[in-house]
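These notes are about the structure you will find just below.
FYI, it's all coordinate maths here, none of it is from the lab. Computed from a prediction, not measured in an experiment: that's the story for all the values here. Here the Cβ positions follow ideal geometry from the backbone for every residue, glycine too, while neighbour counts run over all protein chains shown.
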Amino acid sequence: MNAAQPPSPASTLGPPLWLLAEVTYRCPLHCAFCYNPVDFARDDTELSTEDWLRVLREARAAGSVQCGFSGGEPLMRDDLEVLVAEAHRLGYYTNLLTSGVGLTAERAQALKAAGLDHIQLSFQDSTRELNDFLSHTRTFDLKQRVAGIIKDNGWPMVMNCVIHRLNIDYIDRIIEMAVELGAEYLELANSQYYSWALLNRDQLMPSREQLERAERITNEYRQRLGDRIRIFFVVPDYYEKRPKKCMNGWGNVFLTVTPDGTALPCHTARMLPGLEFPNVRDMDVKSIWYDSEGFNRYRGDSWMKDPCRTCPDKEKDHGGCRCQAYMLAGDPAAADPVCDKSPDHHKVVEAVERANTPGWKGAEQPLIFRDPARSRELAACGKR
Ligand code: FES
């Protein structure tokens, strides 16, 4: 290689270690913070079982070691056990990300027999009222039963609860519920503002006071509970001054395959303008990862503009999140506006200020729930 030229991304690039198989966008829940694209219902094509089996084999051959089955609700696919069995046979560590709907004792046993390693069960709150309101379904009791099924089958109990303005004040009860259900891990993930959560940002963003209280209470529980449960508390990045290294770097570790077979470096990248993403029906996983324009576009740093280009932190945060840069600054190559060096940082500051204005009416607007009919309406207005 000519010493004067920067290395091509492929020459220093590792494999797609983490494969996220979004096997369907179908979901019985209607969460107001769902991370699926707003226009998810525009196209309801799904890869066949054979296609998914091929994707699993190709990704494993390309170096993937962990496979998450996600959605929508992955249990809506009745071939899930077949896919898990193949992933297990290929040597993946397998993970199911589920709302619990559809996880009967029989299916759990079949998934166990297929070799499923790990289940992450999501809750919306510790009370039936708020859980069922936020998911717009009656699922609270079902989730409690599913937690028992997970324990009965000997899987580690990993609970996830998206935290936001409407449930953050009950964080103590959420932690206590996780302990009662025997969870070994609890992820308290503050909502980040993408997709449906961005539509509902004004209603979902907590105040600074709420956030600080929740973090303090979480730390008290951590001390009190010790090794009994590991609690992760993820702060909303709007409250940070420096952006996250989103997806651990664009096209660096994560490969998402959407229900229709589109391969993406993150689950919302399809919204980015001027980028074509390949489909696993047309291209093999290795070529997608190393050679496709969509995966190569934001690798390295030659795409960066100032302030990122000359920033001493650019290796650390890689300019933040490309999707957030597009959503807030209108330019996917801009600095993530979460960064206080971004010329668009004021947009984040203003959203945070609104969330901290006592009596601010925006927080009281009705939520927009994820729903296929709503998705098609919003897609028709250009929302993605
Ligand atoms: Fe797409 Fe951050 S979510 S790059």
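Kindly indicate the residue of region 371-384 that is basic (Lys, Arg) and closer than 10 Å to Ala41 by Cα and also surrounded by the most Cβ atoms within 10 Å (Cβ to Cβ) among those meeting that condition.
The residue in question is Arg374.
Looking at (1) closer than 22 Å to Asp44 by Cβ; (2) surrounded by fewer than 19 Cβ atoms within 10 Å (Cβ to Cβ); (3) more than 19 Å from the chain's Cα centre (by Cα), which is the only condition Arg107 fails?
If we test Arg107 against (1) closer than 22 Å to Asp44 by Cβ; (2) surrounded by fewer than 19 Cβ atoms within 10 Å (Cβ to Cβ); (3) more than 19 Å from the chain's Cα centre (by Cα), just (1) comes out false.
Cβ-Cβ under 8 Å, sequence separation 6+ or interchain: first residue in region 163-189 and among the basic types (Lys, Arg), partner surrounded by fewer than 21 Cβ atoms within 10 Å (Cβ to Cβ). Which pairs?
Arg165/Gln203; Arg165/Ser207; Arg165/Gln210; Arg165/Ala363; Arg173/Ser126; Arg173/Thr127
Restricting the search to region 325-344, which residues are touching a helix residue (DSSP H, G or I) at 6+ places or on another chain (Cβ under 9 Å) and either more than 16 Å from the ligand (Cβ to nearest atom) or within 29 Å of Thr137 (Cβ to Cβ) (or both)? First the steps, then the outcome.
Looking only at region 325-344, we keep the residues that are touching a helix residue (DSSP H, G or I) at 6+ places or on another chain (Cβ under 9 Å), and these are 326-329, 331-340, 342-344.
Of everything in region 325-344, those that are touching a helix residue (DSSP H, G or I) at 6+ places or on another chain (Cβ under 9 Å) and either more than 16 Å from the ligand (Cβ to nearest atom) or within 29 Å of Thr137 (Cβ to Cβ) (or both) turn out to be Met327, Asp340, Pro343.
Consider region 177-212. How many of its residues are surrounded by 16 or more Cβ atoms within 10 Å (Cβ to Cβ) and either of a type in the set (D, E, K, R) or touching a strand residue (DSSP E or B) at 6+ places or on another chain (Cβ under 6 Å) (or both)?
The qualifying residues number 11.
Being surrounded by fewer than 23 Cβ atoms within 10 Å (Cβ to Cβ), farther than 22 Å from Arg384 by Cα and small (Gly, Ala, Ser) is the filter here, so list the residues in region 25-78 that pass it.
Ser48, Ala61, Ala62, Gly63, Gly68
Here is a check on your reading of the model: is Leu204 of a type outside the set (D, E, K, R) and closer than 27 Å to Gly319 by Cβ?
Spelling it out, Leu204 is indeed of a type outside the set (D, E, K, R) and closer than 27 Å to Gly319 by Cβ.
For region 178-234, give me the residue count where each residue is part of a loop (DSSP other than H, G, I, E, B) and within 16 Å of the ligand (Cβ to nearest atom).
Total satisfying the criteria: 4.
Restricting attention to region 261-277, and to residues there that are more than 16 Å from the chain's Cα centre (by Cα) and within 21 Å of Gln66 (Cα to Cα), which single residue is farthest from the ligand (Cβ to nearest atom)? Walk me through how you get there before you give the answer.
Within region 261-277, the first condition is being more than 16 Å from the chain's Cα centre (by Cα), and the residues that meet it are 261-262, 272-277.
If we keep only those that are within 21 Å of Gln66 (Cα to Cα) as well, we get 261-262.
Working: Gly261: 19, Thr262: 13 Å.
Among residues in region 261-277 that are more than 16 Å from the chain's Cα centre (by Cα) and within 21 Å of Gln66 (Cα to Cα), the one farthest from the ligand (Cβ to nearest atom) is Gly261.
Assuming Arg322 fulfils every condition listed in (1) within 11 Å of the ligand (Cβ to nearest atom); (2) in contact with a helix residue (DSSP H, G or I) (Cβ under 6 Å, 6 or more places away or on another chain); (3) closer than 17 Å to Leu275 by Cβ apart from one, which condition is it?
(2)
Can you find even one residue in region 312-327 that is more than 22 Å from the chain's Cα centre (by Cα) and crowded, with 18+ Cβ neighbours inside 10 Å?
No.
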